[in-house]
2 protein chains.
Amino acid sequence: MKTNGTIATADRLMAEDEGQHAAAGRARGRVMLAHGGGGQLTDELLQTIVLPRIGNAELCRMLDSAILDVREAGRVALTIDGYVVQPWQFPGGDIGRIAMCGTINDLAVCGAEPVGIALGLIVTEGFPMGDLAAVLDSIHAIASEAGVNVLTGDTKVVGCGQGDGVYVTTAGVGICRGPALTVENVQPDDVLIVTGAVGDHGLAVMLAREMPEVQSVVRSDVAPLNHMLRKLMVDVPGVVWMRDPTRSGLAGVTADLAAQSGWHVALDEERIPVNVATRHAAEMLGLDPLEVANEGKAVIVVRPEAEERALALLRDEPYGRAAVTIGRVTAPRDGVCELHTAIGGRRILQKPYGEQLPRIC
Amino acid sequence: MKTNGTIATADRLMAEDEGQHAAAGRARGRVMLAHGGGGQLTDELLQTIVLPRIGNAELCRMLDSAILDVREAGRVALTIDGYVVQPWQFPGGDIGRIAMCGTINDLAVCGAEPVGIALGLIVTEGFPMGDLAAVLDSIHAIASEAGVNVLTGDTKVVGCGQGDGVYVTTAGVGICRGPALTVENVQPDDVLIVTGAVGDHGLAVMLAREMPEVQSVVRSDVAPLNHMLRKLMVDVPGVVWMRDPTRSGLAGVTADLAAQSGWHVALDEERIPVNVATRHAAEMLGLDPLEVANEGKAVIVVRPEAEERALALLRDEPYGRAAVTIGRVTAPRDGVCELHTAIGGRRILQKPYGEQLPRIC
């Protein structure tokens with residue numbers, strides 16, 4: 001298509017050369033460095049792989065920024081998370097599902113209603129195009145279920161040995177309608193609820209990676225909680241604080257709650273739900289399920305008078321059937337989270353020190 | 001610190017083991033996998049390396065989402081970009097500077113005023129802590145200059161051979177005050193302005209990577225354009241459309257402009273500013289400077305009656321001194337961008353096909 005130009009010799013040759021490489025890549029169905037160059041081949045990737053799966057009116061405008069109408073809201077929430085989970089597919093989910101749910105849940109636990117996602121992909125050269133399509137299908141499935149579209153995005157490709165399949169970074173914007181949920185609102189006698197069994201996600205990924213030969217029933221709990229948590233906020237007065245116990249698990253969140261509120265948090269180990277298969281897997285791998293990441297659970301602090309209504313509402317929701325009270329905020333003001341163990345002992349729950357489970361999300 | 005617990009044997013040992021690894025890592029001043037675990041060591045990284053450099057009231061709240069007050073605005077803009085530039089430091093900038101400027105500029109060219117950044121880091125195990133600090137220092141420098149804070153963030157660490165130093169993903173939120181800048185507004189007789197010489201960024205990175213032994217004066221133009229473009233939008237009526245010519249360069253942006261508006265775009269090659277050293281570097285590497293990424297330039301379309309005022313305003317700004325008119329939108333409605341070359345020839349400017357320059361941003 002290039003006409004009589006003066007500059008066009010070297011780069012035309014280069015473009016033709018690249019064209020051949022790219023054609024070879026397409027034929028093999030793999031992502032090539034050239035797909036990340038921002039040129040025609042990037043457009044082709046977007047038109048053939050990305051937009052057919054996650055396209056919507058805003059994303060398809062393909063602008064540098066998406067525009068959101070927030071006239072009704074006074075405040076918006078902003079969050080970001082990178083996902084490097086390995087393997088990218090695991091029982092119960094994949095990196096696309098977790099990247100969407102993680103960011104949606106981060107907004108939801110702050111009391112914000114997610115309204116848009118920005119999607120950043122860093123793909124390693126040679127990653128199968130079919131696998132990238134599967135990741136995008138998962139992203140679309142969660143976008144549909146949660147009612148939150150991908151509004152803008154970016155794709156970069158790095159060479160072999162400079163990445164590992166696909167890394168996904170999702171940023172999310174949410175609209176804050178209700179009162180702010182801040183840890184300063186927490187006070188003695190408040191009740192801690194967890195929306196279901198803990199430890200499933202981390203152990204499902206760990207088993208898939210370290211013991212792929214083991215047949216296990218442990219599945220990741222990865223799920224979008226925004227509809228359930230919104231309902232809770234709207235229908236039940238007395239919701240004070242929420243967090244999703246991802247990296248560093250329930251222990252990390254409750255230790256943070258105690259440290260940041262300044263109050264004592266007492267958890268009852270016997271009431272903390274852990275699925276049997278998950279408990280066995282944790283014992284086998286020498287891990288504490290309380291310190292393992294969840295991707296479809298929330299820890300919720302409510303006023304004591306709201307406890308019953310909150311539990312009833314949560315148990316009526318698909319992602320809250322096993323919701324249960326696990327502890328209480330109490331005096332003294334020592335900032336400590338204490339676990340009352342099944343055999344009558346007590347131990348201080350601490351935020352795990354370092355990397356218990358690498359690349360779990 | 002753990003007291004008489006029942007579960008605490010295996011994981012306590014593991015934590016102690018990790019503690020030793022981490023201590024060794026700290027001693028060597030390198031990022032360890034454990035720094036990405038979401039536990040105490042992640043907190044330590046945040047408290048000692050991250051927050052002292054880029055901390056502010058909102059970020060220091062360390063919540064899952066940052067909250068922005070947008071009461072004055074009806075619409076917000078959302079954008080995201082991943083940065084994988086290699087080497088991470090290059091003449092004129094580094095990956096921190098480019099990640100901030102790229103996202104700030106993406107908002108600014110959409111007519112939005114950037115109000116907050118979400119920062120996602122994917123660091124490779126072993127990356128020197130001092131280098132990470134330098135990246136954060138650059139981020140802070142741009143945050144200060146542009147008046148846009150990092151409000152929330154996330155850090156992941158991947159193993160050796162699964163990354164390459166540090167990858168930075170920045171999402172940005174901006175407030176839209178003025179009218180929307182959409183390509184549908186573009187019409188014949190509109191004037192194309194570029195805010196300065198093109199090709200510097202891509203060639204500076206390319207030279208730093210491919211020919212580190214060459215002493216070159218080519219420096220990246222990476223810069224935040226939000227103040228200059230805001231002033232232009234406020235002071236000069238008749239600004240119709242803007243884009244920053246990053247990946248795929250000036251050629252990519254002008255080809256897109258023609259294709260998306262449907263009009264013919266005529267560029268005058270002799271008027272397109274290219275620094276002499278950049279031109280020489282491009283010839284040496286067989287690249288077309290028009291197809292090379294810029295990180296501190298904008299292509300601006302204005303009504304003909306706004307041309308003089310726009311140029312005068314831009315030339316009064318540090319990042320617009322070399323602003324110049326490079327072409328015009330004309331009939332016919334053929335969607336083609338044509339370059340009138342210095343020797344009187346004509347060639348059609350196309351979006352580059354694939355990856356002319358890998359990992360340039």
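Based on the alpha-carbon gyration tensor of the stretch A:183-348 and its eigenvalue square roots a ≥ b ≥ c, which shape applies: rounded if a/c is under 1.5, prolate if not and a/b is larger than b/c, or oblate?
Taking the square roots of the gyration eigenvalues as a ≥ b ≥ c, the stretch A:183-348 is oblate.
How do B:L285, A:L121 rank by accessible surface area computed with a 1.4 Å probe, from largest to smallest?
B:L285, A:L121
What distance in nm lies between label points placed 7 Å from Cα along the C-beta direction at A:I348 and B:R177?
Taking the simple label geometry, A:I348 and B:R177 are separated by 5.1 nm.
Where the only charges are on Cβ atoms (+1 Lys, Arg; -1 Asp, Glu), what is the dipole of the stretch B:183-348 about its Cα centre, to the nearest 20 debye?
Computed about the Cα centre, the dipole is about 160 debye.
What do you get for Rg/Rh over the stretch A:29-176 if you use C-alpha atoms and the Kirkwood form of Rh?
A ratio of 0.97.
Any of B:K231/B:K351; A:K231/A:K351; A:K297/B:K156; A:K351/B:K156 with alpha carbons more than 19 Å apart? Name them for me.
Those over the limit are B:K231/B:K351; A:K231/A:K351; A:K297/B:K156.
From zero up to wherever the largest Cα-Cα distance of the protein assembly as shown sits, split into 10 Å bins and tell me the percent of pairs in each.
3, 15, 25, 25, 16, 9, 5, 1, 0, 0
Among B:G92, B:G116, B:G29, determine the one that fluctuates most according to a GNM of chain B built with springs between C-alpha atoms less than 10 Å apart.
Of the options given, B:G29 has the highest mean-square fluctuation.
Of the options B:V239, B:M206, B:L267, report the single residue whose Cα projects farthest towards the positive end of the charge dipole of the stretch B:183-348 (beta-carbon charges: Lys, Arg +1; Asp, Glu -1).
B:V239
What's the local net charge at B:S65, with K and R +1, D and E -1, over the other residues with C-beta under 13 Å away?
-4
So if I place +1 on the C-beta of Lys and Arg and -1 on the C-beta of Asp and Glu, and nothing else carries charge, what would the dipole magnitude of the protein assembly as shown be about its Cα centre? I want it in debye, nearest 20.
It works out to roughly 260 debye.
Probe 1.4 Å, all protein chains in place: accessible area of B:I104 in Å², nearest 10?
0
Let me spell out the model: positive unit charges on the Cβ of Lys and Arg, negative unit charges on the Cβ of Asp and Glu, origin at the Cα centre of chain B. What dipole size does that give, in debye rounded to 20?
About 180 debye.
Give me the accessible area of B:H140, 1.4 Å probe, in Å² rounded to the nearest 10.
Its heavy atoms expose roughly 80 Å² to the probe.
If you count only protein heavy atoms and use a 1.4 Å probe, how large is the accessible surface of B:T341, to the nearest 10 Å²?
10
Applying 1/(1 + (r/R0)^6) with R0 = 25 Å to the Cβ-Cβ distance of A:M284 and A:H340, what FRET efficiency is obtained, to the nearest 0.05?
0.45
Could you order B:D69, A:D190 so the one with the most accessible surface comes first? Probe is 1.4 Å.
Largest accessible area first, the residues go B:D69, A:D190.
Averaged over every viewing direction, what's the projected area of the C-alpha convex hull for chain B? Give it in nm², one decimal, please.
Computed as one quarter of the Cα hull surface, the answer is 21.2 nm².
Can you tally the net charge around A:D190? Count Lys and Arg as +1, Asp and Glu as -1, for every other residue whose Cβ sits under 13 Å from the Cβ of A:D190.
-2
Per DSSP H run of n ≥ 4, the term is -39500 (n - 2.57); total these for the protein assembly as shown, divide by its residue number, and report the mean residue ellipticity at 222 nm rounded to 500 deg cm²/dmol.
Rounded to the nearest 500, it is -10000 deg cm²/dmol.
What is the extension gain from A:A133 to A:L51, computed as 0.36 nm multiplied by their sequence separation minus the C-alpha to C-alpha distance, in nm to one decimal?
28.5 nm
Between A:C361 and residues 5 or more places away or on another chain, which pairs have amide H atoms under 5 Å apart, with H built 1.01 Å from N, and which residues are they?
A:V84, A:V85
If Lys and Arg each add +1 and Asp and Glu each add -1, what is the summed charge of the other residues whose beta carbon sits under 12 Å from the beta carbon of B:G161?
With Lys, Arg at +1 and Asp, Glu at -1, the neighbours total -3.
At what distance in nm do the modelled label points of A:E145 and B:T330 sit from each other, each positioned 7 Å from its Cα along Cα→Cβ?
According to this spin-label approximation, the distance is 5.6 nm.
With a 1.4 Å probe and all protein chains in place, put A:T152, B:T182 in order of accessible area, largest first.
B:T182, A:T152
Run the paramagnetic zone check for A:M62: 7 angstrom along Cα to Cβ, then residues of the stretch B:222-258 with backbone nitrogen under 11 Å.
Residues passing the 11 Å test: B:256-257.
With the dipole of chain A worked out from charges on the C-beta (+1 for Lys and Arg, -1 for Asp and Glu) around the Cα centre, which of A:T152, A:F127, A:L181 lies farthest toward the positive end?
In chain A, that residue is A:T152.
The values are calculated or read from the model by the stated rules, or taken from the named source; none is laboratory data. Note that this is a predicted model, so its numbers are computed, not measured. In this analysis, Cβ positions are derived from the backbone assuming ideal geometry, glycine residues included, and neighbour counts consider all displayed protein chains. Accessible surface is based on the protein model in full, side chains and every heavy atom, while ligands, DNA and RNA are left aside. Shrake-Rupley method; radii C 1.70, N 1.55, O 1.52, S 1.80 Å.
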